[in-house]
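The values are calculated or read from the model by the stated rules, or taken from the named source; none is laboratory data. Keep in mind that what you see is a predicted model, and the values were worked out from it rather than measured. With ideal geometry, Cβ positions are generated from the backbone for all residues, glycine too; neighbour counts draw on all protein chains shown. The protein model used for the area step is the full one, side chains on, heavy atoms only, and it has no ligands, DNA or RNA in it. Shrake-Rupley method; radii C 1.70, N 1.55, O 1.52, S 1.80 Å.
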Amino acid sequence: MGRLDGRVALISGGARGMGRAEARLFAAEGARVAVCDVADGEGKAVAEEIGAGALYQHLDVTSEEEWAAAVAATTSAFGRLDVLVNNAGIAESAPLADMTLESYRRVTEVNQTGVFLGMKAVIEPMTAVGGGSILNISSIDGMMGMDNLMSYVASKWAVRGMTKTAARELAPRGIRVNSIHPGFILTEMGVPDGIDASEIHTLLDAYTGKMAPLGRSGRPEDIAKLALFLASDESAYSTGSEFVADGGLTAGYPPPGSE
């Protein structure tokens with residue numbers, strides 16, 4: 001315990017899934033946390049659950065003004081900013097031939113432009129405290145292709161490259177920048193309104209169980225624990241790198257047991 005004592009973290013997309021798990025774990029390890037999202041009700045509930053060491057701030061990651069407001073609220077409440085988790089993201093599925101320009105732009109605006117704006121917004125407050133750690137949540141789809149997810153794949157490959165460029169530029173300021181590449185994680189992403197998420201998760205678990213060497217899908221807590229390592233001094237010599245957490249899914253083919 002206490003691996004983030006004295007640190008302040010801002011987490012976009014902090015109301016659900018991996019962001020919520022990260023906020024809870026970071027707080028348990030001593031950090032004060034700004035939970036930021038567009039899902040105000042759920043985001044406020046997460047901050048209230050954590051208690052005095054957390055605040056909620058509405059944040060549309062595509063807005064430069066809202067990023068500035070989120071950073072200002074965080075530093076005003078907690079006095080500093082040490083960790084940014086660019087976790088907010090969306091996905092929309094369609095074959096390339098049917099994907100609309102509007103859909104493509106909507107996904108890349110959140111997943112790619114949102115990461116750009118987040119990194120830019122935290123440079124000065126992190127520099128002021130001697131450095132920090134930026135974690136950009138990409139995907140295994142930022143390392144390979146995936147049918148019917150052109151916009152999502154494009155955005156996640158972009159995050160991978162942006163991470164490396166930012167790591168080079170920000171290293172003199174003491175700011176480390178790394179990307180996390182989750183595999184299939186059981187979250188609310190991609191679950192249509194009105195559909196029981198447990199049904200989707202059961203199907204996903206069955207698929208991943210056949211494809212991934214570890215035989216299961218990931219849980220939000222799996223990614224939160226990796227994010228904790230990268231946010232802490234335990235990863236002090238890691239920057240500009242990809243950290244994959246996919247149960248071995250991308251380790252190779254064919255799937256286990258199919259030889």
Inter-label distance, nm, simple model (7 Å from Cα along the C-beta direction), ASP98/ALA39: 2.6 nm
The chain, relative contact order [Cα under 8 Å, separation at least 6], %: 18 percent
Top of TYR104, TYR207, TYR56 by mean-square fluctuation, Gaussian network on the chain, Cα under 10 Å: TYR207
Heavy-atom accessible area per residue - the stretch 70-215, 1.4 Å, Å²: 46 Å²
Carbon plus sulfur fraction of accessible area for the chain, probe 1.4 Å, in percent: 54 percent
Expected 222 nm ellipticity per residue - DSSP helices of 4 or more, -39500 (n - 2.57), all of the chain, to 500: -13500 deg cm²/dmol
In Å², nearest 10: area of SER93 left accessible to a 1.4 Å probe: 90 Å²
For the stretch 46-132, size of Cβ-based charge dipole, Lys and Arg +1, Asp and Glu -1, in debye: 260 debye
Answer label, with Rg and Dmax of the Cα atoms in Å calculated from the coordinates and candidates (1) 19.8, 67; (2) 19.6, 81; (3) 17.7, 58: (3)
Under-23-angstrom lysine pairs by C-alpha in the chain, whenever the two are 8 or more apart or on separate chains: 6
Simple spin-label estimate for MET144 and GLU124 in nanometres, 7 Å along Cα-Cβ: 4.3 nm
